[in-house]
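Step one of this worksheet: look at the structure below.
Since every read-out is calculated from the coordinates, none of them should be taken as a lab result. On a predicted model such as this, the values are computed, not experimentally measured, just so you know. A quick note on method: Cβ atoms are made from the backbone with ideal geometry, for glycine too, and the neighbour counts reach across all protein chains shown.
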Amino acid sequence: MGIAEETADKLAAAVIAHIEATGDEDIITLISKSLGDSSQTLQEAFVTSVRVQRAAIRANQMLAARAEEIARRPADEPAKPAAAPQPTIPPEPEAEAEHEQAASPEADAEAAEATEAEAPKTTRAAQRARELLERRKAEREAAEEARRAEADGAARRGRRAVPEVKSDPRLG
């Protein structure tokens with residue numbers, strides 16, 4: 001482990017202890033900005049270390065709670081597996097009632113058509129995201145086509161096309 005990681009781990013542990021003692025969550029942002037001003041590497045290591053250490057703390061708390069739960073059970077009761085996470089969006093009661101009432105294939109088809117007609121087609125945000133992805137795809141295809149045309153034109157003139165240097169999109 002390098003010096004940046006070691007320093008970040010120690011600093012993250014001290015910050016987490018401070019947060020537990022005071023409840024001051026803003027300290028993470030303040031320390032991160034301060035570190036970023038002088039060392040981006042140390043800043044990234046610090047933020048990662050905070051996330052990892054907090055995840056480990058939560059996992060240890062879950063493990064302790066589970067062990068305590070099992071210890072409280074009578075010896076003859078078998079251990080139950082942990083419940084699967086529930087979906088974040090509960091199903092609509094009306095749709096479930098319609099589905100339960102449909103007994104024949106014809107009724108199933110009618111219920112499906114009614115549900116499709118009532119359900120919103122797409123959310124505005126999802127539609128915008130899809131449009132943005134399609135636009136970016138079209139732009140990439142157009143740029144690739146232009147690059148190919150440039151290379152073909154250079155080949156016809158007896159020259160070699162200048163290779164395109166791919167840049168990191170994060171650099172702008």
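Key figures for this structure:
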| read-out | value |
| --- | --- |
| Inter-site label distance for residue 138 and residue 57 at 7 Å from Cα along Cβ, in nm | 4.9 nm |
| Estimated vicinal HN-Hα couplings, Hz - segment 51-66 in sequence order (Karplus 6.51, -1.76, 1.60; Gly, Pro = x) | 4, 5, 5, 5, 5, 5, 4, 4, 5, 5, 5, 5, 5, 5, 5, 5 |
| Two-site FRET efficiency, residue 67 against residue 131, from Cβ-Cβ distance with R₀ of 45 Å, rounded to 0.05 | 0.35 |
| Segment 3-72: C-alpha gyration tensor shape, a/c 1.5 cut-off, then a/b vs b/c | prolate |
